[in-house]
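Right, one structure below, let's go through it.
The values are calculated or read from the model by the stated rules, or taken from the named source; none is laboratory data. Predicted, not measured: the structure shown is a model, and the values here were computed from it. Neighbour counts run over all protein chains shown; Cβ positions are idealised from the backbone, glycine included.
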Amino acid sequence: MESQEPRMKEKLEHLNAIRDELKKDDFNFLCATVIAQEYISSCNFQGIKRNRQNILNKVNAELKSIGCDSVSYGFLRKLC
């Protein structure tokens, strides 16, 4: 996952730069989408079977660390 991590961090930094221009929910969902897509592509790259609940837990932990609200399982299900 190390090759994916910097790209995700860069995207989140760019989103953070325009955070004031976005609605809170829009920012939250954009960040969640970036994080989820990186975890999903990492699982695919490593040949790991995707477990949505584990991905959801990782996404919500990452969102919490950047000060965003958590997302629902239904949100993640739409991405997978």
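Summary of values
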| quantity | calculated |
| --- | --- |
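One line per residue, one yes/no per condition, for (1) within 10 Å of the chain's Cα centre (by Cα); (2) exposed (fewer than 12 other Cβ atoms within 10 Å of the Cβ); (3) hydrophobic (A, V, I, L, M, F, W, C):
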{"position": "21", "(1), (2), (3)": "no, yes, no"}
{"position": "30", "(1), (2), (3)": "yes, no, yes"}
{"position": "35", "(1), (2), (3)": "yes, no, yes"}
{"position": "47", "(1), (2), (3)": "no, yes, no"}
{"position": "54", "(1), (2), (3)": "no, no, no"}
{"position": "63", "(1), (2), (3)": "yes, no, yes"}
{"position": "67", "(1), (2), (3)": "no, yes, no"}
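Yes or no, residue by residue, for (1) among the charged types (D, E, K, R); (2) modelled with pLDDT of 90 or more; (3) closer than 12 Å to residue 68 by Cα; (4) out of contact with any strand residue (DSSP E or B) (no Cβ under 8 Å at 6 or more places or on another chain):
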{"position": "11", "(1), (2), (3), (4)": "yes, yes, no, yes"}
{"position": "21", "(1), (2), (3), (4)": "yes, yes, no, yes"}
{"position": "30", "(1), (2), (3), (4)": "no, yes, yes, yes"}
{"position": "39", "(1), (2), (3), (4)": "no, yes, no, yes"}
{"position": "42", "(1), (2), (3), (4)": "no, no, no, yes"}
{"position": "50", "(1), (2), (3), (4)": "yes, no, no, yes"}
{"position": "54", "(1), (2), (3), (4)": "no, yes, no, yes"}
